[in-house]
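Trainee: For reference, the structure I am asking about is given below.
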Amino acid sequence: MGEVVIIIDETKSSKLRISRCRICHEEEAESFFEVPCACSGTVKFAHRDCIQRWCNEKGNTTCEICLQCA
Ligand SMILES: [Zn+2]
Ligand SMILES: [Zn+2]
């Protein structure tokens with residue numbers, strides 16, 4: 001006679017957080033992304049390759065949202 005206790009390890013399941021690249025809008029784990037500037041929330045993550053491509057097209061490395069250099 002004993003109670004069955006189910007323990008859910010929340011620290012493990014919440015480790016892999018999915019975010020979206022603000023440039024190509026692909027979803028991946030946050031560890032794949034760079035945080036190039038002072039933006040926060042959903043627009044703060046982007047692939048390093050995407051940032052580079054974006055900067056080349058623009059001709060500068062300044063974020064147009066927060067105006068901080070990438
Ligand atoms: Zn991307
Ligand atoms: Zn920014």
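Trainee: Which of the residues that make up the stretch 19-31 are open to solvent by 100 Å² or more (accessible area, probe 1.4 Å) and more than 9 Å from ligand 1 (Cβ to nearest atom)?
Mentor: The answer is 27, 31.
Trainee: Check off (1) over 16 Å from residue 19 (Cα atoms); (2) modelled with pLDDT of 90 or more; (3) surrounded by 12 or more Cβ atoms within 10 Å (Cβ to Cβ) for residue 56 and give me the number that stays unchecked.
Mentor: Residue 56 satisfies every listed condition except (3).
Trainee: Return the pairs, sorted by first residue and then second, in which the second residue is modelled with pLDDT of 85 or more and within 8 Å of ligand 2 (Cβ to nearest atom), the first residue lies in the stretch 55-69 and is closer than 13 Å to residue 38 by Cβ, the beta carbons are less than 6 Å apart, and the residues are 6+ apart or on different chains.
Mentor: 63/37; 65/39; 66/37; 66/38; 66/39; 68/37; 68/38
Trainee: Check the stretch 37-57 and report whether any residue there is away from ligand 1 (no atom under 16 Å from the Cβ), part of a strand (DSSP E or B) and touching a Pro at 6+ places or on another chain (Cβ under 9 Å). Break it down into steps so the answer makes sense when it comes.
Mentor: Here is the first cut: in the stretch 37-57, the ones away from ligand 1 (no atom under 16 Å from the Cβ) are 38, 40-41.
Restricting the remaining residues to those that are part of a strand (DSSP E or B) gives none.
No - not one qualifying residue is present in the stretch 37-57.
Trainee: Let me ask something else. Do we find that residue 48 is open to solvent by 80 Å² or more (accessible area, probe 1.4 Å), touching a residue at least 24 places away in the same chain (Cβ under 8 Å) and either of a type in the set (D, E, K, R) or over 21 Å from residue 16 (Cβ atoms) (or both) in this structure? Lay out the reasoning, then the answer.
Mentor: Values: open to solvent by 80 Å² or more (accessible area, probe 1.4 Å): yes; touching a residue at least 24 places away in the same chain (Cβ under 8 Å): no; either of a type in the set (D, E, K, R) or over 21 Å from residue 16 (Cβ atoms) (or both): yes.
So residue 48 does not fit the description; no.
Trainee: Return the pair list, or none, for Cβ contacts closer than 6 Å from residues in the stretch 24-37 that are closer than 17 Å to residue 63 by Cβ to residues that are within 13 Å of ligand 2 (Cβ to nearest atom) and basic (Lys, Arg), at least 6 apart or on different chains.
Mentor: 35/44
The values are calculated or read from the model by the stated rules, or taken from the named source; none is laboratory data. It should be emphasised that the depicted structure is a prediction, and the values quoted were computed from it without experimental measurement. No Cβ is skipped: glycine too gets one built from the backbone with ideal geometry, and neighbour counts run over all protein chains shown. Please note that ligands, DNA and RNA were not included when accessible areas were found on the heavy atoms of the full protein model with its side chains. Shrake-Rupley method; radii C 1.70, N 1.55, O 1.52, S 1.80 Å.
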